[in-house]
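The values are calculated or read from the model by the stated rules, or taken from the named source; none is laboratory data. It should be emphasised that the depicted structure is a prediction, and the values quoted were computed from it without experimental measurement. As a convention, Cβ positions derive from the backbone with ideal geometry for all residues, glycine included, and neighbour counts pool all protein chains shown. In case anyone asks, the SASA skips ligands and DNA or RNA and just uses the protein heavy atoms, side chains included. Shrake-Rupley method; radii C 1.70, N 1.55, O 1.52, S 1.80 Å.
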Amino acid sequence: HWRLLQQFSQSLEQVFARHQLPASFADPQRRLTARNYLCLFLFGLFNPVVRTLRGLCQASQLERVESEVCARRVSLGSFSETQHLLDPGLLEEVFGQLSRQMPALPRDARLGQWQWLAQDGSLFRALPRMAWALYGAGKVGAPNRAVRLHLSLNLLDDKPEVAAVRPGGQCERKVWREQWRAGQAYVGDRCFGQEYRLFGQLQQKGCAFVLRLRESQTVVNVIEELQVSPADRAAGVLRQAWAQL
């Protein structure tokens, strides 16, 4: 992924030019720059052989890694220190910039002008020292620390649209509400269909939605059956109706 690392590095330079980094990065004695640090981190994510921070520092001694990723050999101490200086929020801007560079794919006219997004959350184990990530799940009596990635994936362009990393125990629907944008249409699982009042709030926000309901907890009162056209039936639509939950 050398080419992608190069694109990532160029986007970092553009974003960093618009923001003021901590004064420590202007110190002439600092050898590990913010850009080199993040590029080396991404290099580690691309290479499953590099599993630890110490392994990343060893990888920085490889000739091509040193010339194309981090510019110099990286020590364990400088790599560890840098993670406390950078604002991770800058990465959201970098990823947004890279996402916008991806070409748009052809649209199906039947979907209208909606921006269709799949909404979901994924849990990842966190380090023991990350007390803020304490999550009340897992073995009884044992602390379970996790973070959750809340992601809106653009279904038509196959790229991430919005992402947020929060403590594992934070409600997915609460974070999802913060990400609503007019003109977007959301596809979600049963987690997002539990609060019926959200449906009205989504409409007021100018959003469309296709959400699965919990069958065992849902009572649907059909008000009017609607005819399904042959074209819709051929596309897989079995039934439609006006109904009250």
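Some observations on this one:
- Percent carbon-and-sulfur accessible area, the chain, ignoring ligands, DNA and RNA, probe 1.4 Å: 52
- The DSSP beta bridges internal to the chain are antiparallel in roughly 75% of cases.
- Reduced Cα scattering model of region 1-64, Debye log10 I(q)/I(0), q = 0.21 Å⁻¹: -0.96
- Where only DSSP H runs of four or more residues are counted, the chain gives -9000 deg cm²/dmol as its mean residue ellipticity at 222 nm, each run worth -39500 (n - 2.57).
- Arg177 accessible area, assembled protein chains, probe 1.4 Å, Å²: 90
- Glu225/Phe199 FRET efficiency (R0 30 Å; Cβ-Cβ; nearest 0.05): 0.90
- If you take the Cα centroid of region 1-56 and the Cα centroid of region 145-193, the two points sit 27 Å apart.
- Stretched out straight at 0.36 nm per residue, the stretch from Leu76 to Leu213 would grow longer than its current Cα-Cα span by 44.4 nm.
- Solvent accessible area, Å² - Val237, 1.4 Å probe, full protein context: 60
- Seen against the Cα atoms of the chain and their longest principal axis, helix 34-46 is set at about 60 degrees.
- Surface accessible to a 1.4 Å probe, per residue, for the residues of region 31-113, Å²: 66
- Nearest-ten-degree value, helix 2-17 long axis tilted from longest Cα axis of the chain: 90
- The alpha carbon gyration tensor of region 1-141 gives principal lengths a ≥ b ≥ c with a/c of 1.5 or higher and a/b no greater than b/c, which makes the shape oblate.
- Rounded, prolate or oblate (a/c below 1.5 giving rounded, otherwise prolate when a/b exceeds b/c) for region 119-245 by Cα gyration tensor: prolate
- For region 126-245, the dipole from Cβ point charges (+1 on Lys and Arg, -1 on Asp and Glu) about the Cα centre works out to 640 debye, to the nearest 20.
- Hull-based mean projected area of region 72-125, where the convex hull spans the alpha carbons, in square nanometres: 7.2
- Cα gyration tensor shape for the chain, rounded if a/c is under 1.5, else prolate or oblate: prolate
- In a reduced charge model with +1 at each Lys and Arg Cβ and -1 at each Asp and Glu Cβ, the chain shows a dipole moment near 580 debye about its Cα centre.
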